[in-house]
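Just so it is clear, none of the values below were taken in a lab; they were calculated from the coordinates. These figures come from a predicted structure and were not determined experimentally. Backbone-built Cβ (ideal geometry, glycine too); neighbour counts: all protein chains shown.
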Amino acid sequence: MLPRLQRAHRRSLVRQERWTQGDLARHPEPRELIRSVRRPGNRDEHGRLVQVFDARRVLVEDVHENRVVRHTALEVRRRLRDLAERAEGDAAEILVELDTALAAAPFLHGVSALDARPTVPTATLSGDPLYRTVFRTWLHLTR
């Protein structure tokens, strides 16, 4: 399932604001141009702005649904590792498969830890079949 999620995981377009060299700014925020103009020492000898507060939009994978996937995968991994240490069943073999699947899903490396336990599914967790399976697995693990 993780390799399939790697191909079709959820992303979000997030706005990042930062100071940028004046000639490299792509989307200067009109409201912030005043701050750029008033910033002490922010003009060159020709009166041009040295730095401009620029707003860029980037795709990020650190969204709630991917946090649930990461948390669920790590919880399953922890339980498999405990079983493998006790040499129960095929746990060691399944653990190797899970580690391979985690390696095939690098989008999870940039995902932060889960803030709170998911109790109610989001539209993606309930609507998307892959995310729904992960959420049901999470619910099963927490019983």
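Summing +1 for each Lys or Arg and -1 for each Asp or Glu among the other residues whose beta-carbon sits under 13 angstrom from that of Glu93 gives -3. With neighbours defined as other Cβ atoms within 10 Å of a residue's Cβ, the residues Val37, Val120 order from fewest to most as Val120, Val37.
Count neighbours as other Cβ atoms within 10 Å of each site's Cβ, and list the trypsin sites (Lys or Arg not before Pro) in the stretch 68-134 that are DSSP loop with at most 12 such neighbours.
The qualifying sites are Arg86.
Running Debye on the stretch 12-60 with equal point scatterers at the Cα sites and no solvent, what base-10 log of I(q)/I(0) appears at q = 0.18, 0.31 Å⁻¹? Evaluating at q = 0.18, 0.31 Å⁻¹ gives log10 I(q)/I(0) of -0.53, -1.16. Only one residue of Leu49, Val14, Leu33 has its Cα farthest out toward the positive end of the dipole of the stretch 1-61, where Lys and Arg carry +1 and Asp and Glu -1 on Cβ, and that residue is Val14.
Close amide-amide hydrogen proximity is noted between Trp19 and Asp54, each under 5 Å apart and 5 or more residues distant or on a separate chain (H modeled in the peptide plane; Pro and chain starts excluded).
Taking other Cβ within 10 Å of each residue's Cβ, how do Leu108, Leu98 sort, fewest first?
Going from sparsest to densest Cβ surroundings: Leu98, Leu108.
Candidate values (1) 2, 10, 15, 16, 16, 15, 11, 8, 5, 2, 1, 0; (2) 2, 9, 19, 23, 21, 14, 8, 3, 1, 0, 0; (3) 2, 9, 14, 15, 12, 9, 8, 7, 7, 6, 5, 3, 2, 1, 0 were compared with P(r) over Cα pairs in 5 Å bins from 0, in percent computed on the shown model; the agreeing label is (3). Dipole orientation for the chain: of the candidates Val69, Met1, Ser126, Ser126 has the Cα lying most toward the positive pole (charges on Cβ; Lys, Arg +1; Asp, Glu -1).
Scanning residues 5 or more positions from Val50 or on other chains, those with amide H under 5 Å from its amide H are Arg43, Asp44, with H placed 1.01 Å from N in the peptide plane. Each residue of the stretch 89-98 was assigned a 3J(HN,Hα) from its phi angle through the Karplus curve 6.51 cos²θ - 1.76 cosθ + 1.60 (θ = phi - 60°); the sequence is x, 9, 4, 5, 5, 5, 4, 5, 5, 5 Hz, with glycine and proline shown as x. Note that the stretch 24-36 has calculated 3J(HN,Hα) couplings of 9, 5, 9, 9, x, 6, x, 5, 8, 4, 4, 4, 5 Hz, one per residue in order, obtained from phi through the Karplus relation 6.51 cos²θ - 1.76 cosθ + 1.60 (θ = phi - 60°); glycine and proline are x.
Summing -39500 (n - 2.57) over the DSSP H runs of n ≥ 4 in the chain and dividing by its residue number, what mean residue ellipticity at 222 nm do you reach, to the nearest 500 deg cm²/dmol?
After summing the helix terms and dividing by residue count, I get -14500 deg cm²/dmol.
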